Amino acid sequence: MKLFLLRSLALCSSVLLLFAFTYAGIVKEPVSQPLFKIARSKDANEIFYAARVTDKHQLDNSSPVDVYWIKHTDGNVREPLTWIQRKYAYGLKFLRIKESEAVFQFVSYDKRDFVLKKDQTGEFKVFTNSQGKEVQVKRIFIQIDGGTFWLPKISSVELHAKDAKTGNTILETINP
């Protein structure tokens, strides 16, 4: 009788565990799709931006972009931005968010809008205007030449992009 009860209990536990994994598969967390990165002259660490997409391939309205560090100087560890970095440097300010598009600016630079939307292949990418053309942002490089923690001396910012119509490479140097 004890053996029968133990087997029954094991079977029930297996069924409940299977149900739990199946249910967890139905309610999925948004998936991150890489968008672009920011590199700086200061060190090898990079800030990555990724679209948070639901299983229905729509933007996560509560948090459409995941922003995080890859600390190459610490063994390629992934770390979130600090509160100060999110609020004053590398964070994003969203102007509009829809299921298929989000318009934002960097918290540290409000002179240009960026649009997170699907490209011709149906993948989310980030676009902005550069040299009178719509371009897809590939990466950004910030040249930092001293200054302080709160006021770094940024001599230039390079926007590396791709012309949305022709696919040609675009390099825009911004002198803040």
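Annotations
- Normalised contact order of the range 29-174, rounded percent, pairs of Cα under 8 Å and 6 or more residues apart: 17
- Separation of alpha-carbon centers, the range 35-69 and the range 93-127, rounded to whole Å: 11
- Inter-label distance, THR166 to GLN143: 2.5 nm, where each label sits 7 Å from its Cα along the C-beta direction.
- Across the range 105-118, computed HN-Hα scalar couplings (Karplus, 6.51 cos²θ - 1.76 cosθ + 1.60, θ = phi - 60°) run 10, 6, 5, 9, 8, 9, 8, 8, 8, 10, 10, 9, 7, 7 Hz from first to last residue, x flagging Gly and Pro.
- Net +/- balance of residues flanking GLU101 in space, Cβ distance below 9 Å, scoring K and R +1, D and E -1: +3
Here, each number is a calculation from the coordinates, and none is a lab measurement. Since we're looking at a predicted model, the values are computed, not measured. Here the Cβ is made from the backbone with ideal geometry for all residues, glycine too, and neighbour counts use every protein chain on show.
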